[in-house]
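For reference, the structure discussed in these notes is given below.
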């Protein structure tokens, strides 16, 4: 793939990204660089993808990534958000034929995804060498990828399937699908070049519009085109040029006799230009590929998907698209502009955000007296805003807690400025008061647990441990600490439910942030929340309390909650309870961190990682249950 020095924006060989040492560059694209690295903790090779969109950002002399201009900041952060979303979604899947994501982390002003290193040749290289594949050779590659995508499609669409994104492993000739395209797609509406987010010959018509109706059928089209190239040796024409009088011969004619007729017919089905005419789910297409299942001859209605839900191109608009594209002899880039305009129609500007400057309702004035909860006589812990601690068996004091009153709130995002997993917004009733940590658990708090139990001592990255929030903490670590603290104090300590966390984080507000609808200078510790971008967490209590008397629920460090990760609030509890699931599920984190953009510290933003994941942006705080 070339020497590192051939890539001007690449980090140098030998550079350390936490425990990972860069060896060389594996690939470079418009949205990032992929490195081969050595994991010094596990003595294994890893592939690490760095988010570095060269249209908006560049490498600075100190190796950090910086925006090229203030105008590119929003574009950069939109892609960064999707880059990290992609990582946390892919981390949920363990399929042999989908690239394994081990973790993600933020540093140097950007983010990184740590993946398995699949050693082998790309399918593109194989096809260049062999020219074409037989039906059996193609099925050995295609069907495992199809099986993996069926699982992934429950939460994510690939959007950039092509021969160059499939590796054939040297070890066993098995295929693995790489390089999902979420960041490219999120940035598409901002890009100066539409061709930057499509691969000509493999991208379907809906990807030539930033508002196109994308779903599983989008990846199915690309797979059909991949099959076409593998069997015939020819790459299909670009989708905009296939809208009428399609010059692309059907594969069932081009390769008749080379493969089973039903297999060829299934490929042609996948390659239909209009998305509603293709298979809508990958399971239906697999059935046609392997068993000659019936192929629809009429357009199928698209079901509601977890991805885009824009309606398909109406038939009335087709008649407008065709003559305009036929009249143009320009390249695909020009055709894309026409398709985008005709598919989208006029777009109304978003309305003003509701509750933009709305303060918290009925703010609770925090009590300033520090009380010992398990003293005799015990104080009344039901007083809203009460600050108290429990005493440990050795006489030390536990973390400072604050009583949060019962109440109801709207959980999720009603404004349309968030992600699909923040919807539907719904009313949650918190019927019992509870206490929540006034601050994130600090190293001082956590080190008492380490000393008492012999648990692993988390690293502080050289930032120090004095009043610093504990980082490099997994969900499992937080659970172990909560069990220990409960045993030491005789009270019940646990991670908050996701609903309890958002209720406490909003503190009566209905706006994007607890203090209002926009990031306020000096209100939270995140990249873009202050004039000076932070390079580490702040000591606890550095930023103002919210209306419930709690510090730093937004920004500073991501905070684990108890709940299993899900892609929407459909079926969520309405009483504030934990939403449990499989014991091996990924777990939710809330609040954003010092390395997050302002969008990620919104009250309703949701993140999730595997329960054993640790990095220097993850910490936690606990609930202490109160008897009513």
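So here's what we get for this one:
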quantity: Criterion violated by residue 92 - all others in (1) at pLDDT 90 or above; (2) crowded, with 20+ Cβ neighbours inside 10 Å satisfied; calculated: (1)
quantity: Test: residue in the range 457-470 that is out of contact with any helix residue (DSSP H, G or I) (no Cβ under 7 Å at 6 or more places or on another chain) and in a helix (DSSP H, G or I); calculated: no
quantity: Condition check for residue 401: under 29 Å from the mean Cα position of the chain (by Cα) and in contact (Cβ under 8 Å) with a residue 40 or more places away in the chain; calculated: no
quantity: Residue 452 being assigned by TED's automatic domain parsing to the domain that holds residue 404 and more than 30 Å from residue 573 (Cβ to Cβ); calculated: yes
quantity: Residue list for the range 438-448, filter: touching a residue at least 24 places away in the same chain (Cβ under 8 Å), in a helix (DSSP H, G or I), more than 12 Å from residue 467 (Cβ to Cβ) and under 32 Å from the mean Cα position of the chain (by Cα); calculated: 446
quantity: Residue within the range 192-203 that is modelled with pLDDT of 90 or more, surrounded by 23 or more Cβ atoms within 10 Å (Cβ to Cβ) and more than 21 Å from the chain's Cα centre (by Cα) present; calculated: yes
quantity: Residue 578 touching a strand residue (DSSP E or B) at 6+ places or on another chain (Cβ under 8 Å), modelled with pLDDT of 95 or more, within 17 Å of residue 614 (Cβ to Cβ) and assigned by TED's automatic domain parsing to the domain that holds residue 469; calculated: no
quantity: One residue from 496, 544 being in the same structural domain as residue 606 (by TED's automatic domain parsing) and crowded, with 20+ Cβ neighbours inside 10 Å; calculated: 496
quantity: Which numbered condition residue 558 misses (of (1) closer than 30 Å to residue 155 by Cα; (2) surrounded by fewer than 24 Cβ atoms within 10 Å (Cβ to Cβ)); calculated: (2)
quantity: Residue 525, sole failed condition from (1) touching a residue at least 24 places away in the same chain (Cβ under 8 Å); (2) on the phi > 0 side of the Ramachandran plot; calculated: (2)
quantity: Index of the failed condition, residue 469 passing every other in (1) touching a residue at least 60 places away in the same chain (Cβ under 8 Å); (2) over 31 Å from the mean Cα position of the chain (by Cα); (3) surrounded by 15 or more Cβ atoms within 10 Å (Cβ to Cβ); calculated: (2)
quantity: Residue ID - farthest from residue 114 (Cα to Cα), chosen from residues in the range 19-39 that are touching a residue at least 24 places away in the same chain (Cβ under 8 Å) and not in a strand (DSSP E or B); calculated: 30
quantity: Checklist (1) at pLDDT 70 or above; (2) in a loop (DSSP other than H, G, I, E, B) applied to residue 268, failing item; calculated: (2)
quantity: Unique match (being in contact (Cβ under 8 Å) with a residue 40 or more places away in the chain and surrounded by fewer than 22 Cβ atoms within 10 Å (Cβ to Cβ)) among 224, 233, 215, 257; calculated: 233
quantity: The lone exception for residue 428 - which of (1) modelled with pLDDT of 95 or more; (2) over 22 Å from residue 551 (Cα atoms); (3) surrounded by fewer than 22 Cβ atoms within 10 Å (Cβ to Cβ); (4) touching a helix residue (DSSP H, G or I) at 6+ places or on another chain (Cβ under 6 Å) it fails; calculated: (3)
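For every residue, the table says whether it meets (1) in contact (Cβ under 8 Å) with a residue 12 or more places away in the chain; (2) outside the structural domain of residue 601 (by TED's automatic domain parsing); (3) surrounded by 23 or more Cβ atoms within 10 Å (Cβ to Cβ).
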{"site": "505", "(1), (2), (3)": "yes, no, yes"}
{"site": "515", "(1), (2), (3)": "yes, no, no"}
{"site": "529", "(1), (2), (3)": "yes, no, yes"}
{"site": "532", "(1), (2), (3)": "no, no, no"}
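The values are calculated or read from the model by the stated rules, or taken from the named source; none is laboratory data. None of these values were measured; they are calculated from a predicted model. Backbone-built Cβ (ideal geometry, glycine too); neighbour counts: all protein chains shown.
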